[in-house]
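**Student:** Sharing a structure below in structure tokens format, with a few things to ask.
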Amino acid sequence: MPDRVSVYNPMGYPPKVTLKGMAPRLEGLDGKTIYIIDPRFDDSGLFMEQLQDVFARRLPNVTTRIVQMSNVYHHDDPKTWEEVQANADAAIIGVGH
């Protein structure tokens, strides 16, 4: 049995993160278009549909649109973000089980 053992530090190096502030809050939702983004997480589409139903019942003057990302949630989707920026007043990105 050797007297010394070499080991490696498993901590690694965290990635550099650039903080971004939250988007400003809307004064109200009446007449606004809200995009509900389905990130294609397990069964998230079902949750997004339920959320859209809640908006329809409780906030009938709000237009909602469910948009499914073109790939799974851990891949960026610039085309979807461009559409949201061009057409939505706000967006909700969610997951579900």
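The values are calculated or read from the model by the stated rules, or taken from the named source; none is laboratory data. Computed from a predicted structure; not experimentally measured. Virtual Cβ from ideal backbone geometry, glycine too; neighbours counted across all protein chains shown.
**Student:** Report the residue count in region 73-82 for those that are under 17 Å from A23 (Cα atoms) and touching a strand residue (DSSP E or B) at 6+ places or on another chain (Cβ under 8 Å).
**Tutor:** Our first condition is that a residue be under 17 Å from A23 (Cα atoms); within region 73-82, this holds for 81-82.
Those still in the list that are touching a strand residue (DSSP E or B) at 6+ places or on another chain (Cβ under 8 Å) too: none.
Final tally of qualifying residues: 0.
**Student:** List pairs: first residue in region 4-29 and modelled with pLDDT of 85 or more, second residue assigned to a loop (DSSP other than H, G, I, E, B) anywhere in the structure, Cβ distance under 9 angstrom, at least six positions apart or on different chains.
**Tutor:** Every condition considered, the pairs that remain are L26/K32; L26/D89; L29/L59; L29/N61; L29/V62; L29/D89.
**Student:** Charged (D, E, K, R) and under 25 Å from P24 (Cβ atoms): which single residue out of D53, D76 fits that description?
**Tutor:** Numbers: D53 fails: under 25 Å from P24 (Cβ atoms).
Criteria check complete, one pass: D76.
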